[in-house]
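Worksheet for the structure shown next.
The values are calculated or read from the model by the stated rules, or taken from the named source; none is laboratory data. Predicted, not measured: the structure shown is a model, and the values here were computed from it. Every residue, glycine as well, gets a Cβ built from its backbone with ideal geometry; the counts of neighbours run over all protein chains shown. The accessibility values were calculated without ligands, DNA or RNA, using every heavy atom of the protein model including side chains. Shrake-Rupley method; radii C 1.70, N 1.55, O 1.52, S 1.80 Å.
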Amino acid sequence: MESNMETPDIPTLEEQERRLILDSFTYDDAWALGTLLVELARERQAPVAIDITRGGQQLFHAALPGSTPDNDAWIARKRRVVERYHASSYLVGSRFRAKGTTFEDSSRLDLDTYAAHGGAFPIRVRGAGVIGAIVVSGLPQVADHALVVEALERFVGTP
């Protein structure tokens with residue numbers, strides 16, 4: 001799937017984050033966004049796990065057919081990158097690559113704890129900043145990232 005998908009550049013990734021800001025994010029919003037992600041993944045028969053956290057509390061989790069416990073480990077590692085850098089895990093990894101290195105080689109972080117691979121996106125609320133993360137794991141990283149962005153775009157009603 002990744003080979004058919006265009007790899008977004010850093011300005012595109014940064015623009016996504018500027019555009020996909022919410023006015024609020026409630027428990028009901030987590031359910032609505034999570035179920036939207038599940039619907040999109042099921043339409044594509046995507047073997048993913050989906051996770052939404054806010055303020056350190058897991059508000060939504062789903063594992064679809066074909067996903068494995070390893071996807072949950074990836075979710076945790078990618079979510080920690082969002083929590084630490086307040087940027088999508090794909091953007092963080094892309095910024096390291098743009099400097100001619102990799103997150104793995106240059107972040108000085110424990111790679112069993114952090115993964116700057118696509119699929120984790122910050123939940124940013126206007127006036128409050130980053131309050132949580134939406135994470136998908138199970139597809140190539142560009143596709144994981146694209147699925148989260150597509151769901152957020154539909155959720156906030158922006159193309």
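So what's the net charge close to PHE155: Lys and Arg +1, Asp and Glu -1, counting the other residues with Cβ under 15 Å from its Cβ? Could the numbers behind the result be given before it?
On the way: positive: ARG19, ARG54, ARG124, ARG126, ARG154; negative: GLU17, ASP23, ASP28, ASP29, GLU39, GLU150, GLU153.
Within the 15 Å Cβ shell, the charges total -2.
Considering helices alone, the calculated mean residue ellipticity of the chain at 222 nm is -14500 deg cm²/dmol, with DSSP H runs of length four and up weighted by -39500 (n - 2.57) and normalised per residue. Per residue, segment 1-135 exposes 52 Å² of accessible surface when a 1.4 Å probe is rolled over the protein heavy atoms with every protein chain present. Under a model in which nothing but the beta-carbon of Lys, Arg (+1) and Asp, Glu (-1) is charged, segment 7-159 shows a dipole of about 320 debye around its Cα centre.
Please report the relative contact order for the chain, taking Cα pairs under 8 Å with a sequence separation of at least 6, and give it as a percent rounded to a whole number. Mind dumping the intermediate values first?
Numbers: 283 pairs, mean separation 46.4, N = 159.
Relative contact order for the chain comes out at 29 percent.
Using a simple spin-label model with pseudo-atoms 7 Å out from Cα toward Cβ, MET5 and THR35 lie 2.5 nm apart. Loop-located trypsin sites (Lys or Arg not before Pro) in segment 99-148 (DSSP state other than H, G, I, E, B) with a sparse environment of at most 11 neighbouring Cβ atoms within 10 Å: LYS99, ARG108, ARG126. In a DSSP loop and with at most 10 other Cβ atoms within 10 Å, the GluC sites (Glu not before Pro) in segment 1-66 are GLU6. Note on exposure: ASP51, ASP70 ranked by accessible area (1.4 Å probe, complete protein assembly) read ASP70, ASP51, with the most exposed listed first. Taking a ≥ b ≥ c as the square roots of the eigenvalues of the Cα gyration tensor, segment 75-159 is classed as prolate, since a/c reaches at least 1.5 and a/b is larger than b/c.
Here the label points at VAL156 and HIS61, each 7 Å from Cα along the C-beta direction, are separated by 2.7 nm in the simple model.
Taking the protein heavy atoms of the chain in the context of the full set of protein chains, the accessible area attributed to carbon and sulfur is 48 percent at 1.4 Å.
Which shape class, rounded, prolate or oblate, goes with segment 1-53 when its Cα gyration tensor gives a ≥ b ≥ c as root eigenvalues, a/c under 1.5 marks rounded, and past that a/b bigger than b/c marks prolate? Numbers along the way, then the final one.
Numbers: a/c = 2.94, a/b = 1.10, b/c = 2.66.
The shape class here is oblate.
Using the per-residue mean of other Cβ atoms lying within 10 Å as a proxy for protection, in what order, highest first, do the peptides 115-122, 147-154 fall?
Working: 115-122: 28.8, 147-154: 20.4.
Packing proxy ranking, top to bottom: 115-122, 147-154.
Among residues other than ASP105 with Cβ under 13 Å from its Cβ, the summed charge is +2 (Lys and Arg +1, Asp and Glu -1). Classify the chain as rounded, prolate or oblate from the Cα gyration tensor: take a ≥ b ≥ c as the square roots of its eigenvalues, call it rounded if a/c is under 1.5, otherwise prolate when a/b beats b/c and oblate if not. Since a/c stays below 1.5, the shape of the chain is classed as rounded.
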